[in-house]
Amino acid sequence: MPDTRYAIAAVLVAAAVTWGLRALPFAALTPLRASRTVQYLSARMPAGVMVILVVYCLRDLPLPHARALAPLIALAVTIGLHLWRRNALLSILGGTVTHVILASAVFTP
Amino acid sequence: MHISPAVTGDRPLPAPAPPPAPASAARAAFRDSAGAGLGFIPIGLAFGALATQSGLDWWWAGLSAAVAFGGSFEFLLIGLVTATAPLAAIALSAFMVNVRHVFYSLSFPLHRVSGRLGKTYATFALCDEAYALTTGKAARSWSSPRILWVQLLLHLYWAGSAVAGALLGSLIPDGVTGLDFALTAMFTVLALDAVRDLRGDLPTPALALLSALAARLLLPDQLLPAAFALFTAALLARHLATGRRATRA
């Protein structure tokens, strides 16, 4: 465990930056809500943001190696389960369990 | 059994009713948050377990979950804190990873949250999942208490499971890895639900995917901000192009 005061300060710094990013844009951007362009963007933003976050999570995929198969297979399981049952909890648990089994027992580093 | 919040998108919106009592708002919020929110539990457990496996105390996981409350960045924060990175580097990383929240203010329904305290908490607890749930089609009729309850429940699931994961983490055998995939799985589920809300507008997720892959290849260290900027630019260009061809918004 690093120095306790440092570990707490690190959390507080992260919290301050995160809250600032969440709260301040409302003051700056709220007047733009009526704009057609902003409405166009805000309708399409949620889906695009989530797709980008998925790619971000998989950014360190060790592609030429067989180990990359663990997250890719788990991703396919997650998508398959979700298209089939549309149950968020089932899809997340199914994908995660698949990944833990593959990463721990099959494609060990 | 279907508990996904996306399923509610199929139902007709409830008729405009008088503002519900707080208790029913809480109950409705519990149902709203059950799908994506319960997805927090494996991720929070993974986060807590990872924190203690990395040598941090259990209360640190709880503090981070309650105060910083930004799932994906908190996973990075574990690595930064165990490496005793300078606070300025932590601030910069937090900014880079969380700058996406700037875009959330365009569509998060803060104008429907009442009271200064309510608005303050709503921005504080504006995590990815809160954004995904409150901007979905089903959320258009949500009252202020219902939005706040959804956010509070997500916050509680996250902090509670982080502490539980930190306390139980020592029980996980050393060879077991890969719990962090829970985060990927959750974003995948949220992406599928959000794409479904677009009703066949497949160019939007395709542009997002291309933006993310381009950012991964060109600016791997700044993947998130670069991808969001590219995606926004691509959407704007598409909006201008379609607007010129036909003025049907």
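The values are calculated or read from the model by the stated rules, or taken from the named source; none is laboratory data. This structure is a prediction, so every number in the text was calculated from the model and none was measured. When we count neighbours, we look across all protein chains shown, and the Cβ atoms used for this are built from the backbone with ideal geometry, even at glycine.
Look at B:Ala237 and say whether it is more than 15 Å from A:Val49 (Cβ to Cβ), part of a helix (DSSP H, G or I) and more than 17 Å from the chain's Cα centre (by Cα).
So B:Ala237 fits the description; yes.
Condition (residue is assigned to a helix (DSSP H, G or I), more than 7 Å from chain B (Cβ to nearest Cβ), without any contact (Cβ under 8 Å) to a residue 60 or more places away in the chain and under 28 Å from B:Thr177 (Cα atoms)) applied to the stretch A:46-66: is it met by at least one residue?
Applying the first criterion (assigned to a helix (DSSP H, G or I)) to the stretch A:46-66 yields A:46-57, A:66.
Checking which are more than 7 Å from chain B (Cβ to nearest Cβ) leaves us with A:66.
Now restrict to residues that are without any contact (Cβ under 8 Å) to a residue 60 or more places away in the chain: A:66.
Pick out the ones that are also under 28 Å from B:Thr177 (Cα atoms) and you get A:66.
Within the stretch A:46-66 (the criterion being assigned to a helix (DSSP H, G or I), more than 7 Å from chain B (Cβ to nearest Cβ), without any contact (Cβ under 8 Å) to a residue 60 or more places away in the chain and under 28 Å from B:Thr177 (Cα atoms)), the answer is yes, since at least one residue qualifies.
Test of understanding: among B:Arg140, B:Arg146, which residue is of a type in the set (Lys, Arg) and closer than 19 Å to A:Thr30 by Cβ? Let's see the steps before the verdict.
Values: B:Arg146 fails: closer than 19 Å to A:Thr30 by Cβ.
Answer to the selection: B:Arg140.
Pairs only if they're at least six apart or on different chains, beta carbon under 6 angstrom, first in the stretch A:21-45 and more than 7 Å from chain B (Cβ to nearest Cβ), second surrounded by 16 or more Cβ atoms within 10 Å (Cβ to Cβ) and in a helix (DSSP H, G or I); list them, first residue then second.
If the second residue must be surrounded by 16 or more Cβ atoms within 10 Å (Cβ to Cβ) and in a helix (DSSP H, G or I), the pairs left are A:Leu32/A:Val38.
Does B:Leu190 qualify as being within 18 Å of the chain's Cα centre (by Cα) and over 29 Å from B:Thr242 (Cβ atoms)?
No; evaluated as a whole, the condition is false for this residue.
Every residue in the stretch A:82-109 that is outside any helix (DSSP H, G or I) and either touching a Phe, Trp or Tyr at 6+ places or on another chain (Cβ under 8 Å) or more than 7 Å from chain B (Cβ to nearest Cβ) (or both), please.
Of the stretch A:82-109, the ones outside any helix (DSSP H, G or I) are A:86-87, A:107-109.
Across the stretch A:82-109, the qualifying residues are A:Phe107, A:Thr108, A:Pro109.
Please work out which residue is modelled with the highest pLDDT, limiting yourself to the stretch B:54-92 and to residues that are crowded, with 19+ Cβ neighbours inside 10 Å and polar (S, T, N, Q).
B:Ser64
Can you work out which of the residues in the stretch B:139-154 that are within 13 Å of another protein chain (Cβ to nearest Cβ) and touching a residue at least 60 places away in the same chain (Cβ under 8 Å) is surrounded by the most Cβ atoms within 10 Å (Cβ to Cβ)?
If we take residues in the stretch B:139-154 being within 13 Å of another protein chain (Cβ to nearest Cβ) and touching a residue at least 60 places away in the same chain (Cβ under 8 Å), then B:Leu154 is surrounded by the most Cβ atoms within 10 Å (Cβ to Cβ).
Is at least one residue of the stretch B:111-127 buried (at least 23 other Cβ atoms within 10 Å of the Cβ), under 30 Å from A:Asp3 (Cα atoms) and touching a residue at least 40 places away in the same chain (Cβ under 8 Å)?
yes
Is it true that B:Thr184 is without any contact (Cβ under 8 Å) to a residue 24 or more places away in the chain, surrounded by 14 or more Cβ atoms within 10 Å (Cβ to Cβ) and either more than 19 Å from B:Ser33 (Cβ to Cβ) or facing another protein chain (nearest Cβ under 7 Å) (or both)?
Against the criterion (without any contact (Cβ under 8 Å) to a residue 24 or more places away in the chain, surrounded by 14 or more Cβ atoms within 10 Å (Cβ to Cβ) and either more than 19 Å from B:Ser33 (Cβ to Cβ) or facing another protein chain (nearest Cβ under 7 Å) (or both)), B:Thr184 qualifies.
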